[in-house]
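**Student:** Handing you a structure now.
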Amino acid sequence: MSQSSLNFLVLLVGVLVLVLVKNAYSLRCYECNTLKNETSCERNEECTSKAEFPSCLKTVGVLNGKNYIVKECMALREQEDDQCEVHAIEEDKIICTCSTEFCNGFALKCYECDTSLDPSTCDNKELTRECRDQQVCFKTERLLGDEKIIKKACIDAPPEDKCEEHEDYRGMKETICKCSTELCNNANVKTATKMIALSAIFIITLMQFI
């Protein structure tokens with residue numbers, strides 16, 4: 001092999017290594033921001049996070065009484081698992097980070113059923129639905145005489161985890177639960193929302209002594 005051929009081969013290998021390194025530290029994500037006069041995030045632009053630990057970010061929250069959503073690329077200081085965190089002390093918002101291609105484009109998934117239409121539907125765990133952006137899961141339980149009516153679906157609401165009990169003028173009782181994590185409107189949604197609420201109270205109390 002001639003010297004010129006050897007030099008070309010070395011150069012080619014060097015370029016290939018640079019390309020591989022560049023791809024190893026880059027990640028494509030969706031990008032949009034409804035705080036910047038964008039009406040929705042249904043049309044997502046692409047961005048590329050180039051860092052040692054690239055990540056996609058998705059934030060859903062409430063600001064001045066209005067729902068908003070932000071999707072963007074970001075760089076982490078260290079490698080982290082995919083996760084979502086609820087921030088409900090200063091403002092209601094959920095921040096999710098993930099590390100696979102376009103992973104911040106997927107909406108929340110919830111169970112969907114209505115026993116008033118089919119009494120057996122809520123026993124089927126395969127009946128799920130992917131919600132739109134800025135939606136959460138909800139579950140209602142209504143007592144109609146001796147019959148309990150259950151409904152699960154997606155709903156337009158702020159990202160929050162709570163249950164409320166109502167009673168109308170006829171004495172009909174209804175429990176409405178909203179939650180903001182994947183498939184959270186299951187049979188244990190009431191217990192889960194209580195645990196989240198107690199955790200928030202504990203954090204607020206602890207901060208008073210710091």
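The values are calculated or read from the model by the stated rules, or taken from the named source; none is laboratory data. Quick caveat, the model's predicted, so the values are computed rather than measured. Heads up, the Cβs are rebuilt from the backbone with ideal geometry, glycines too, and the neighbour counts pull from every protein chain shown.
**Student:** Being modelled with pLDDT under 80 and not in a loop (DSSP other than H, G, I, E, B) is the filter here, so list the residues in the stretch 38-66 that pass it.
**Tutor:** Within the stretch 38-66, Glu45, Glu46, Thr48, Ser49, Lys50 qualify.
**Student:** Sticking with this one: Given the conditions (1) farther than 27 Å from Arg28 by Cβ; (2) surrounded by fewer than 16 Cβ atoms within 10 Å (Cβ to Cβ); (3) touching a residue at least 60 places away in the same chain (Cβ under 8 Å); (4) hydrophobic (A, V, I, L, M, F, W, C), and given that Leu63 satisfies all but one, which numbered condition is not satisfied?
**Tutor:** (3)
**Student:** Could you list, in sequence order, the residues of the stretch 121-136 that are farther than 30 Å from Val62 by Cβ and either hydroxyl-bearing (Ser, Thr, Tyr) or buried (at least 18 other Cβ atoms within 10 Å of the Cβ) (or both)?
**Tutor:** Thr121
**Student:** Do you know which residues across the stretch 86-107 are surrounded by 12 or more Cβ atoms within 10 Å (Cβ to Cβ) and β-branched (Val, Ile, Thr)?
**Tutor:** Val86, Ile94, Ile95, Thr97, Thr100, listed by residue number.
**Student:** Hey, any hits in the stretch 14-31 for a residue that's surrounded by 11 or more Cβ atoms within 10 Å (Cβ to Cβ), closer than 30 Å to Lys162 by Cα and modelled with pLDDT of 60 or more?
**Tutor:** Step one: filter the stretch 14-31 for residues surrounded by 11 or more Cβ atoms within 10 Å (Cβ to Cβ), giving 25-31.
Applying the additional criterion that residues be closer than 30 Å to Lys162 by Cα yields 30-31.
Right, trim to modelled with pLDDT of 60 or more and you get 30-31.
Among the residues of the stretch 14-31, at least one is surrounded by 11 or more Cβ atoms within 10 Å (Cβ to Cβ), closer than 30 Å to Lys162 by Cα and modelled with pLDDT of 60 or more, which makes the answer yes.
**Student:** Just checking, which of Lys178, Lys151, Lys139, Lys190 is modelled with pLDDT under 85 and either surrounded by fewer than 12 Cβ atoms within 10 Å (Cβ to Cβ) or over 22 Å from Leu57 (Cβ atoms) (or both)? Spell out how you get there, then give the answer.
**Tutor:** Details: Lys178 fails: modelled with pLDDT under 85; Lys151 fails: modelled with pLDDT under 85; Lys139 fails: modelled with pLDDT under 85.
Within the list Lys178, Lys151, Lys139, Lys190, the selection yields Lys190.
**Student:** I need the full set of residues from the stretch 83-107 which are modelled with pLDDT of 80 or more and outside any strand (DSSP E or B), in order please.
**Tutor:** Ser99, Thr100, Glu101, Phe102, Cys103, Asn104
**Student:** Kindly provide the set of residues from the stretch 108-120 that are buried (at least 17 other Cβ atoms within 10 Å of the Cβ) and either at pLDDT below 85 or not hydroxyl-bearing (Ser, Thr, Tyr) (or both), ordered by number. Lay out the reasoning, then the answer.
**Tutor:** Within the stretch 108-120, the first condition is being buried (at least 17 other Cβ atoms within 10 Å of the Cβ), and the residues that meet it are 108, 110-113, 115.
Residues satisfying the conditions are Leu108, Cys110, Glu112, Cys113.
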